[in-house]
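**Q** Below you will find the structure I want to go over with you.
Each reported figure results from applying straightforward, stated rules to the coordinates on display, with no laboratory input. Since the structure is predicted, the reported quantities are computational estimates derived from the model, not experimental observations. Note: ideal-geometry Cβ built from the backbone for every residue, glycine included; neighbour counts use all protein chains shown.
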Amino acid sequence: MVLLEALNWRYATKKMNGQVVPQDKLDYILEAARLAPSSSGLQPFRIFVISNKELQERMIPISENQSQIADASHLLVFAAWDGYSLERIEEVFNQTMAERGLPADTMDGYKQRLWSKYEPLGQEWHANHAAKQAYISFGLAIGAAAEQRVDATPIEGFLPPELDELLGLDKMGFKSTVILALGYRDEANDWLVGMKKIRTSKEDFITEIV
């Protein structure tokens, strides 16, 4: 029940107080995100951690002037691969085989089948699929933050091309997908503090097919 209690505690914090999140809590959140599952274990995304206040200020104009961008202790930018390639797939599987002590060619057949499926789907499909994997990790990061009683605000309201250029993500073959602002709520100035959490009822949300 600990996770459910934590999820009931959390909300999308609208105003943060600038308090710094301790390193051990940040590490816990990032490790939960790292351990997230992904399709074929490719982990086609990375997390860029920002705590530089000058850089955070520069991000405000391209993030709909949301105050959490500046007031957060840390910003986690989830950035997905801009596309799949056989080389990227092979790199992941080669590392996997090496760490498991298996011959490098153990999964050659699977790698080829995977790429033969992905290649014809095109760059746009690739980027969207990779972004979906990032969101799985993003969800676990939110849950981990709640467990640590760290406020976490999901932010999709930003201009990805501008952020990619600012952080140099485009040059690394990544596209920014979503931002998670970490920090602590400013209870005196956040209008959402204490508001009842509203979710779709269990009856409407869950349909059992038997």
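**Q** Based on other C-beta atoms within 10 Å, arrange 197, 25 from fewest to most.
**A** Values: 197 9, 25 18.
Sorted ascending by nearby Cβ count, the order is 197, 25.
**Q** Based only on other Cβ atoms within 10 Å, what is the fewest-to-most ordering of 76, 192?
**A** Numbers: 76 24, 192 11.
Going from sparsest to densest Cβ surroundings: 192, 76.
**Q** About the Cα centre of the chain, what is the dipole size in debye to 20, counting +1 per Lys and Arg Cβ and -1 per Asp and Glu Cβ, all else neutral?
**A** Working: 22 positive and 30 negative charges, 84 e Å.
With only Lys, Arg, Asp and Glu charged at Cβ, the dipole is about 400 debye.
**Q** Do any GluC sites (Glu not before Pro) in the range 110-188 lie in a DSSP loop with no more than 12 other beta carbon atoms within 10 Å, and if so, which?
**A** 156, 187
**Q** Taking 7 Å along the Cα-to-C-beta vector as the label spot, tell me the residue 203-residue 1 distance in nanometres, rounded to one decimal.
**A** With each label point 7 Å from Cα toward Cβ, the separation is 2.4 nm.
**Q** Determine ³J(HN,Hα), in whole Hz, for all residues of the range 195-209 in sequence, where each value follows from phi through the Karplus function 6.51 cos²θ - 1.76 cosθ + 1.60 and θ = phi - 60°; x replaces Gly and Pro.
**A** Coupling constants for the range 195-209: 6, 5, 6, 10, 9, 4, 4, 4, 4, 8, 7, 10, 10, 8, 9 Hz.
**Q** Which helices of the chain meet both criteria: a Cα extent of 20 Å or more along the helical axis and a mean Kyte-Doolittle score no lower than -1.0, with helices taken as whole DSSP H segments?
**A** On the way: long enough: 86-100 (21 Å, -0.78); 122-147 (39 Å, -0.08).
Those that clear 20 Å and a mean of -1.0 are 86-100, 122-147.
**Q** Which entries in 14/53; 132/171; 53/197 show an alpha-carbon gap greater than 24 Å? Intermediate values should be presented prior to the final figure.
**A** On the way: 14/53 18 Å; 132/171 21 Å; 53/197 31 Å.
From 14/53; 132/171; 53/197, over 24 Å: 53/197.
**Q** On to the next question. Count neighbours as other Cβ atoms within 10 Å of each site's Cβ, and list the GluC sites (Glu not before Pro) in the range 50-92 that are DSSP loop with at most 10 such neighbours. All intermediate terms of the calculation are to be shown ahead of the outcome.
**A** On the way: sites: 54, 57, 64, 87, 90, 91; in loops: 64.
Answer in residue order: no site qualifies.
**Q** Also: So what is the relative contact order of the chain, in percent, for Cα pairs below 8 Å that sit 6 or more residues apart?
**A** Values: 318 pairs, mean separation 77.2, N = 210.
That works out to 37 percent.
**Q** Amide H of residue 178 versus every other amide H placed in the peptide plane: which residues, excluding those fewer than 5 positions away on the same chain, fall under 5 Å?
**A** Here the answer is 78, since their amide H atoms fall under 5 Å of that of residue 178.
**Q** Arranged by the count of other C-beta atoms within 10 angstrom, fewest first, what order do 198, 47 take?
**A** Details: 198 5, 47 17.
With the fewest neighbours first, 198, 47 line up as 198, 47.
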